[in-house]
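Quick notes on the structure that follows.
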Amino acid sequence: MSSLFVRTLREDPADAEVASHKLLVRAGYIRRAAPGIYSWLPLGLKVLAKVERIVREEMDAIGAQEVHFPALLPKEPYEATGRWVEYGPNIFRLKDRKQADYLLAPTHEEMFTLLVKDLYSSYKDLPLALYQIQTKYRDEARPRAGLIRGREFIMKDAYSFDVDDEGLERSYNLQREAYQRIFNRLGLEFVIVKAMSGAMGGSRSEEFLHPTAIGEDTFVRSPGGYAANVEAVTTPAPEPVSPDGLPAAEVLDTPDSPTIETLVEAANRLHPRPDRPWTAADTLKNVVLALTHPDGAREVVVVGLPGDREVDLKRLQAGVEPAEVEPATEEDLKKHPELVKGYIGPGVLGPNGAPRADGEDGSRTDGAVRYLLDPRVARGTAWITGADEDGKHVFGLVAGRDFTADGTIEAAEVREGDPAPDGSGPLELARGIEIGHIFALGRKYAAALDLKVLDANGKAVTVTMGSYGIGVTRALAALAEANHDDKGLVWPMQVAPAHVHVLATGKGQEIFDAAERLARELEAAGLEVLYDDRPKVSAGVKFADAELLGVPLSVVVGRGLADGVVEVRRRATGEREEIAPELAVARVRELVDEALTEAPA
């Protein structure tokens, strides 16, 4: 410790919000270089190397082979797949001295595809799985929580290459099972949830989430086993019914009722119905939003949903990618005077409004507003909604009879107790950190980059691919988040920077001599040792640093030495035992082996 490049801090860093961020900085594992960018110090690198080792062992065990690509890449491959534009502001773009375009890679699908195309041409070469552990870059708008959402991060990305869909299914399942072993060996609790493919594309996508209250991903699960990221939850829609026999829609006065709350109050006061009071669930809320497409074009859209629900922007974002979504501004509304704020109805929207011309991406080219409905607004359902006139609403407006839309979209919030899409019971909401994500990519990238091989009949076929990512630095942060107390980090033995922390806590030279001798004997026994040999540091400071650093075991050589004992401490439980110095090595070796054996294999 006297020569280790580390300085522990007693106070939390000002910009740290979560425990993992605070403790990794305070314990001297990482240091902030810029927002979302961190330098790794010796102790941090030791933990990182152990996480990477577990990942490598499980990737190698399924036959995946490691390669390594540059982080600085040319524009052309990403332009060929459309992702140079689709990524929008989320990638770092730069020019070299010749003004050629480059990027710092967020992921490497294109490069893996081109490498296989360059070297392989026959079905006999497949199946193939390649992987790398590499630094990635994304220009996060709001980096947060230290390593959990950074702008530079380390990721393991693997890719499978198969001749047909059956091969892809096998490769996908091999990777999926390897991920379960990796997170079990790390000691990280995880839930596998259905997810959206997003800009990656593909037919199937699953996330591995570590459940934690500080996670920024919301997911759901049901008693019957359904699990999904909240963006991937589909709404069980009511069965369409015939509108025959329903009364005609009627425009009624509802003065001073621009919100759902005031509308419900006005409806019950001015236009009560005999069977039951009006509620927010009887109203159709039309929310105005703005999409920014990858080419910079801005489009106003309206989402219609039951008035007792709010729009979840993350769910909506998943449905409109690669465009980015935000609430419409006053400037957006000024361009559409037909939208009467607080009284917007379907009458001026989508197919119900003015004739329009559609762009290739589905956007309006003549200024008319696209209209998307929540699945609950099914054919034959009747609603109170805006009449496109100040102080007026339409009562009994029936979907499918009185208005239609351009399509449906999953944009409404998911609530605790909502029914699971597969009928497996009510949904429970939880939060988690995404630590892994797997995709059945299919042929998107192979087709774009012309990756073909000759099949058994000599016919050229497009290769089908899978993509499989693990956030290595994010997994380390999740481990710190899950393994700490109010004194500091509490690393599991399999990833700790050392197995045992030896502390010399006294003033006599005989204490330091005995502690150094014990440290050397522990190392000779094959253990990783951190030795606190600092001569002018108090025992209290040494104990505080040991608790902060979080090494699983410590051996205290202090006043007890005069009585022929040293103290062995377990960081996780606080248990202590006194033992003769000559027995300490065997006891520590036993405890380390016990901890590593108990760690999930």
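Within segment 566-601, which residues are over 22 Å from A524 (Cβ atoms), among the acidic types (D, E) and in contact with a helix residue (DSSP H, G or I) (Cβ under 7 Å, 6 or more places away or on another chain)?
Passing the criteria: only E578.
Could you give me the residue pairs with C-beta distances under 6 Å whose first residue belongs to segment 11-30 and is farther than 16 Å from K46 by Cβ and open to solvent by 10 Å² or more (accessible area, probe 1.4 Å), whose second residue is of a type in the set (V, I, T) and assigned to a helix (DSSP H, G or I) wherever it lies, and which are 6+ apart or on separate chains?
P13/V25
Going through segment 449-489 one residue at a time, which ones are part of a loop (DSSP other than H, G, I, E, B) and among the acidic types (D, E)?
Filtering segment 449-489 for residues part of a loop (DSSP other than H, G, I, E, B) gives 449-451, 455-459, 463, 483, 486-487.
Across segment 449-489, the qualifying residues are D450, D455, D486.
Within segment 104-137, how many residues are within 19 Å of I30 (Cβ to Cβ) and out of contact with any strand residue (DSSP E or B) (no Cβ under 8 Å at 6 or more places or on another chain)? So that I can check it myself, show each step before the final result.
Taking segment 104-137 as the starting set, the residues that turn out to be within 19 Å of I30 (Cβ to Cβ) are 133-137.
Still in the list and also out of contact with any strand residue (DSSP E or B) (no Cβ under 8 Å at 6 or more places or on another chain): none.
So the count comes out to 0.
Table: residues versus (1) surrounded by fewer than 17 Cβ atoms within 10 Å (Cβ to Cβ); (2) in contact with a helix residue (DSSP H, G or I) (Cβ under 7 Å, 6 or more places away or on another chain); (3) within 26 Å of G44 (Cβ to Cβ).
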residue	(1), (2), (3)
A504	no, yes, yes
A515	no, no, yes
V555	no, yes, yes
G564	yes, no, no
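Considering P492, P497, which residue is under 30 Å from L530 (Cα atoms) and surrounded by 23 or more Cβ atoms within 10 Å (Cβ to Cβ)? Steps first, please.
On the way: P492 fails: surrounded by 23 or more Cβ atoms within 10 Å (Cβ to Cβ).
Residue meeting the stated conditions: P497.
Specify which of the listed residues (R142, R93) is in a strand (DSSP E or B), among the basic types (K, R) and more than 22 Å from I192 (Cβ to Cβ).
Numbers: R142 fails: in a strand (DSSP E or B).
It is R93.
Can you go through E330, E310, E299 and tell me which one is out of contact with any Cys (no Cβ under 9 Å at 6 or more places or on another chain), in contact (Cβ under 8 Å) with a residue 24 or more places away in the chain and surrounded by fewer than 19 Cβ atoms within 10 Å (Cβ to Cβ)? Outline the logic, then answer.
Values: E330 fails: in contact (Cβ under 8 Å) with a residue 24 or more places away in the chain; E299 fails: surrounded by fewer than 19 Cβ atoms within 10 Å (Cβ to Cβ).
E310 is the lone residue from the list that is out of contact with any Cys (no Cβ under 9 Å at 6 or more places or on another chain), in contact (Cβ under 8 Å) with a residue 24 or more places away in the chain and surrounded by fewer than 19 Cβ atoms within 10 Å (Cβ to Cβ).
Is it true that some residue in segment 112-128 is of a type in the set (A, V, I, L, M, F, W, C) and closer than 30 Å to S20 by Cα? So that I can check it myself, show each step before the final result.
Taking segment 112-128 as the starting set, the residues that turn out to be of a type in the set (A, V, I, L, M, F, W, C) are 112, 114-116, 119, 126, 128.
Remaining after also requiring closer than 30 Å to S20 by Cα: none.
Scanning segment 112-128 turns up no residue that is of a type in the set (A, V, I, L, M, F, W, C) and closer than 30 Å to S20 by Cα.
Matching residues to (1) hydrophobic (A, V, I, L, M, F, W, C); (2) modelled with pLDDT under 95; (3) touching a strand residue (DSSP E or B) at 6+ places or on another chain (Cβ under 7 Å); (4) open to solvent by 40 Å² or more (accessible area, probe 1.4 Å):
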| site | (1), (2), (3), (4) |
| --- | --- |
| W40 | yes, no, yes, yes |
| I54 | yes, no, no, no |
| E58 | no, no, no, no |
| R93 | no, no, yes, yes |
| Y102 | no, no, yes, yes |
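Quick one: would you say A504 is touching an Asp or Glu at 6+ places or on another chain (Cβ under 8 Å) and not aromatic (F, W, Y)? Before the answer, list the steps.
Numbers: touching an Asp or Glu at 6+ places or on another chain (Cβ under 8 Å): yes; not aromatic (F, W, Y): yes.
For A504, the condition - touching an Asp or Glu at 6+ places or on another chain (Cβ under 8 Å) and not aromatic (F, W, Y) - is met.
Which of the numbered conditions does I438 fail, given that it passes all the others? Conditions: (1) closer than 21 Å to G319 by Cα; (2) modelled with pLDDT under 95.
It fails just one condition, (2).
Among the listed residues P223, P255, identify the single one that is over 23 Å from P346 (Cα atoms), open to solvent by 40 Å² or more (accessible area, probe 1.4 Å) and of a type outside the set (D, E, K, R). Explain how you work it out, then say what you get.
Numbers: P255 fails: over 23 Å from P346 (Cα atoms).
Going through P223, P255 in turn, just one is over 23 Å from P346 (Cα atoms), open to solvent by 40 Å² or more (accessible area, probe 1.4 Å) and of a type outside the set (D, E, K, R): P223.
Only strands (runs of 3 or more DSSP E) wholly contained in segment 536-601 count here; list those with 2 or more residues that are among the aliphatic types (A, V, I, L, M). Talk me through it step by step, then tell me what you get.
Working: elements: 553-557, 566-570, 576-579.
Correct list: 553-557, 566-570.
Going through segment 152-178 one residue at a time, which ones are of a type in the set (D, E, K, R) and either open to solvent by less than 50 Å² (accessible area, probe 1.4 Å) or part of a helix (DSSP H, G or I) (or both)?
Quick first cut of segment 152-178, residues of a type in the set (D, E, K, R) only: 152, 156-157, 162, 164-166, 169-170, 176-177.
Of everything in segment 152-178, those that are of a type in the set (D, E, K, R) and either open to solvent by less than 50 Å² (accessible area, probe 1.4 Å) or part of a helix (DSSP H, G or I) (or both) turn out to be K156, D157, D162, D165, E166, E169, R170, R176, E177.
Within segment 179-188, can you find the residues that are surrounded by fewer than 23 Cβ atoms within 10 Å (Cβ to Cβ) and over 18 Å from V47 (Cα atoms)?
Passing the criteria: Q180, R181.
The values are calculated or read from the model by the stated rules, or taken from the named source; none is laboratory data. Only a predicted model underlies this, so the values are computations on that prediction, with no experimental measurement involved. Here Cβ is always computed from backbone atoms with ideal geometry, including for glycine, and neighbour counts include all displayed protein chains. The area values use the complete protein model at the heavy-atom level, side chains included, leaving out ligands, DNA and RNA. Shrake-Rupley method; radii C 1.70, N 1.55, O 1.52, S 1.80 Å.
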